[in-house]
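Remarks on the structure that follows.
The values are calculated or read from the model by the stated rules, or taken from the named source; none is laboratory data. Predicted model, so just to flag it, every value in this text is computed and none were measured. Ideal geometry is used to build each Cβ from the backbone, glycine not excepted, and the neighbour counts take in all protein chains shown.
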Amino acid sequence: MSAPMNIGEAARQSGVSAKMVRHYESLGLLPQVHRSDSGYRQYTEAEVHTLRFIKRARDLGFSMAEIAELVSLWQNRRRASASVRRIAQKHADDLAQRITDMQAMQQTLAHLVHCCQGNDRPECPILNDLAGEQQAR
C-alpha cells in the first residue's frame with residue numbers, strides 16, 4: 001500500500017483541483033478522509049481512484065446527483081448493472097434532447113443572421129426576433 005498523500009498530490013494524481021476535492025468530500029462523494037496529527041487531510045490511492053471516477057463522470061456530463069448514485073453503485077459489489085444502465089440511458093436521452101434543442105437554436109440563429117443585412121442601417125431582424133416582433137422570412 002502506498003503512503004498517504006496530501007490534497008495537492010491527490011489532486012494532481014486525479015486531475016481534479018484541490019478545491020473540487022474538498023467540494024466532493026463535502027458532498028459525501030468521498031468518505032471522510034484520515035487526517036494527520038496536525039489536521040491535514042491524507043488521501044490514499046483508493047480516494048484518488050474515486051476522484052478519477054468522479055472526474056470521468058463529470059467529463060461525461062453526469063449531474064452531481066447522478067454521480068453520487070453512480071459512486072454508490074460502483075462501490076456496491078452486489079449492485080444490479082440494470083441500475084447503472086438506467087442512469088446512463090437517462091443521461092444519454094437527456095443529452096440527445098439537448099443536442100436536438102441546440103441544433104434548432106443554431107438553425108434559427110443561422111436564419112436570423114442570414115436575414116440581417118449587417119450594414120449601417122438600424123433595421124435588424126435579429127433584434128426584432130429577440131423582442132418578439134415579426135420574424136423576417
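Before moving on, here are some points about what is shown:
- Looking across segment 46-90, the residues that are closer than 30 Å to A3 by Cβ and of a type in the set (S, T, Y) come down to T50, S72.
- In segment 69-95, the residues that are under 14 Å from F53 (Cα atoms) and in contact (Cβ under 8 Å) with a residue 40 or more places away in the chain form Cβ pairs under 7 Å with partners that are surrounded by 14 or more Cβ atoms within 10 Å (Cβ to Cβ) and aromatic (F, W, Y), at six or more places apart or across chains, as follows: V71/F53.
- Cβ-Cβ under 9 Å pairs, at least 6 apart or on other chains, segment 1-27 side free of Cβ contacts under 8 Å to residues at least 40 places away in the same chain and surrounded by 18 or more Cβ atoms within 10 Å (Cβ to Cβ), far side part of a helix (DSSP H, G or I) and of a type in the set (S, T, N, Q): V21/S14; Y24/T50
- Residues located in segment 34-46, provided they are assigned to a loop (DSSP other than H, G, I, E, B) and surrounded by 16 or more Cβ atoms within 10 Å (Cβ to Cβ): T44
- All positions within segment 11-33 that are over 18 Å from E66 (Cα atoms) and assigned to a helix (DSSP H, G or I): A11, R12, Q13, S14, A18, K19, R22
- Search result, residues across segment 19-62 that are of a type in the set (S, T, Y), under 18 Å from the mean Cα position of the chain (by Cα) and modelled with pLDDT under 95: S26
- Of the set (1) within 30 Å of R12 (Cα to Cα); (2) surrounded by 10 or more Cβ atoms within 10 Å (Cβ to Cβ); (3) among the acidic types (D, E), all apply to D59 but (2).
- Meets criteria (surrounded by fewer than 16 Cβ atoms within 10 Å (Cβ to Cβ) and either more than 30 Å from N128 (Cα to Cα) or not small (G, A, S) (or both)) for H49: yes
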